[in-house]
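Here, each number is a calculation from the coordinates, and none is a lab measurement. Predicted, not measured: the structure shown is a model, and the values here were computed from it. Backbone-built Cβ (ideal geometry, glycine too); neighbour counts: all protein chains shown.
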């Protein structure tokens, strides 16, 4: 079996407690199958997702990061996702400048009712990451010493 | 110009309007330590040396203290205002001192700023770090300090100061965004892996002296996130891993707050071009939110506020 | 009678050493700035230009980050793993005398109560080839601290630049002689050593001041502009403070030694929240006292070689020389 065939992407998903986590839960109770490549980390709100978590995910061997929360207007804390949206608009540019592959960082809005969307997003991101291959760039940097 | 500055400062101190002037100074010529005072006794004999001034040897030596670095001074008495200097090496952004407890303890300050430095005051005020009415701001017209930022300067004469001293000869025509971001645009034209390789090579030199953080007027947190260890989010080691995490954090904590004074870049002992990271975020703020930090005292800060109509294309 | 060889020979040797697998460090230009670094080829070696590099060779003897051992938490006990012992020889070429002197100075602190095996091993594996100084800048003050442009302390070999691409070579130790054996030729040329930079302060007066000056009112004034970064300490050849950190996740990781600097507020912060040096002025005073009183009293040598890097790299032009000049001036009056 070749390297690429055996490659199973590691995807870290930072999701909000109120929408996407419940969406993922709904996917489960509906018996919707989706790849086991995704590791879910539940946080209170997208507004709580510190950019350092994205860096950490890559440091520790993640091949892609998924960030997901409530649709605009649906935030449990009224505006957490609006703040997050602004931050990501800026942060993506910094990732570009540093040379971290932004196609490996995916942002979505998934509500508690969108189990199906969760399935689709995870399916697609897993396939995309499989095509992109393992993310060695940043990990190599972190493992080098000096 | 220097005489007007000194007169202004003398008057401010005499009138008791301020307690301390934060300005630029330099070791005065002639007051440098005279070698003839020195007993030669402590010199080991195996190394030949004399106390001849280096200007008389062949050595390349800028030598006299008049060429020495310009540094911040804190003038508290009217008779000391002659220590103030103004020349094209007044690089430092003195607004950084407004946050320091040692300087706050001196009383009501007046601060000497260039147009670029003044922008920092706008952000500090907006972030409730500064009561503008408690600071006397002395603006200096400035043509150039021969730094990269000066090429795209559009504030040769400071705005929003209590007084502006001098007149700038430089053209204050509007600088286009293309000009402002030419350095980052050129950098972004490289491939993503080339950019990562660039930072890998540059950040390998970072020793984590945190000079970039300490000179930054916007870095006023009493305890920086990198100094927090429960939990330790950012590795304190000066390895590539720790250095990337630190510089990404530093840059992003300044997103849409950095006013582009480029002090971080100037002071880096290892010559790392940190300005590129700052520029990338400044560009994102301008493109997405038509916002430039320190430009408009009325504008809401980008980070910390939001708009329902914020437009992006990457969230699915 | 002297021994000479050419720049070309030196470059050939450097390339040869690198090919042989030895680590060679020396001054090189990085973004128009002279910095010591590992050389990939002799072509990078830069012998002229600035008076001295903006960093120090400390990095090669006492790295900014060094793994001490690995750990793994077991159910009942902690499993420790040794770091692979150092074996590679390293050569530092064209170090300045104010850098090379750090060896004999730091040997004291790394051996006084406990022999630091890692440091000592690196010292053994390192050959220091020093280039005597011919140019100085406004921040150089080696002559003020009893050193000079060809101070032999710590050097295995001293090189002197003569005209037309020729170097005079004086091998000072057996290690140095081995490195250049058979590469040099006898000559009548002899290098003239300059006087060095102008003397900037009176060390005796500084000593007198420090004896009773701990609470002197000048300290807060002199230190006022200090912004509390570590640029001085990290580019200083002799500053050697370090922090021990555990870095890892999931119950395993490494214990490492990282540089630390006395100018940081965190440096002396106690776990309980008390900070014995809560003011920047106390931290500046500490740096001067450690270099010019504490260390000399304990080990009989100044903790300063007069390289001037502290001032060269200080964002606000502070550092040893301006402080000691001020002290020297004030006690002259």
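Figures for the structure shown
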| quantity | calculated |
| --- | --- |
| Estimated translational D of the range A:1-137 in µm²/s (Stokes, Kirkwood radius over Cα pairs; 10 °C; 1.306 mPa s) | 105 |
| Radius of gyration and maximum dimension Dmax of chain B, Cα, Å | 22.3, 77 |
| Per-residue average of Cβ from other chains inside 10 Å of C:235-247 | 2 |
| Within the protein assembly as shown, percent of DSSP bridges classed antiparallel, to nearest 5 | 55 |
| Span from the the range B:217-265 Cα centroid across to the the range C:279-318 one, whole angstrom | 27 |
| Debye-sum result for the range C:90-177 in log10 I(q)/I(0), which assumes one identical scatterer on each alpha carbon, at q = 0.19, 0.21 Å⁻¹ | -0.89, -1.02 |
| Ranking of C:287, B:14 by count of other Cβ atoms within 10 Å, fewest first | B:14, C:287 |
| At R0 = 35 Å, FRET efficiency that the Cβ-Cβ distance of residue C:278 and residue A:17 yields, to 0.05 | 0.30 |
| Point-to-point label distance, residue B:128-residue B:186, nm (Cα→Cβ direction, 7 Å offset) | 4.2 |
| Debye log10 I(q)/I(0) at q = 0.15, 0.16, 0.17 Å⁻¹ for the range C:1-129, Cα point scatterers | -0.81, -0.89, -0.97 |
| Sum of -39500 (n - 2.57) over DSSP H runs of 4+, divided by residues of chain B (222 nm, nearest 500) | -8000 deg cm²/dmol |
| Residue C:31-residue C:7 FRET efficiency (beta carbon distance; Förster radius 30 Å; 0.05 resolution) | 0.80 |
| Computed over the range C:35-192: relative contact order in percent, which uses C-alpha pairs under 8 Å that are six or more apart | 19 |
| Contact order relative to length of chain C, as percent, for alpha carbon pairs under 8 angstrom and 6 or more apart | 21 |
| Peptide C:123-135 - average C-beta neighbours from other chains (10 Å radius) | 1 |
| Volume of the Cα convex hull of chain C, divided per residue and given in Å³ | 165 |
| Sequence of C:38, C:17 once ranked by neighbouring C-beta atoms within 10 Å, starting from the fewest | C:38, C:17 |
| Convex hull projection area averaged over all views, the protein assembly as shown, Cα basis, nm² | 38.4 |
| Chain C: calculated mean residue ellipticity at 222 nm from DSSP helix runs of at least 4, using -39500 (n - 2.57) | -8000 deg cm²/dmol |
| Chain B: relative contact order as a whole-number percent, Cα under 8 Å and 6+ apart | 16 |
| Residue of C:58, C:205, C:72 that the Gaussian network model of chain C assigns the largest fluctuation, springs spanning Cα pairs under 10 Å | C:72 |
| Volume per residue of the C-alpha convex hull in the range B:239-283, rounded to whole Å³ | 63 |
| Residue order, fewest to most beta carbons within 10 Å, for C:222, B:140 | C:222, B:140 |
| Peptide B:260-267 - average C-beta neighbours from other chains (10 Å radius) | 1 |
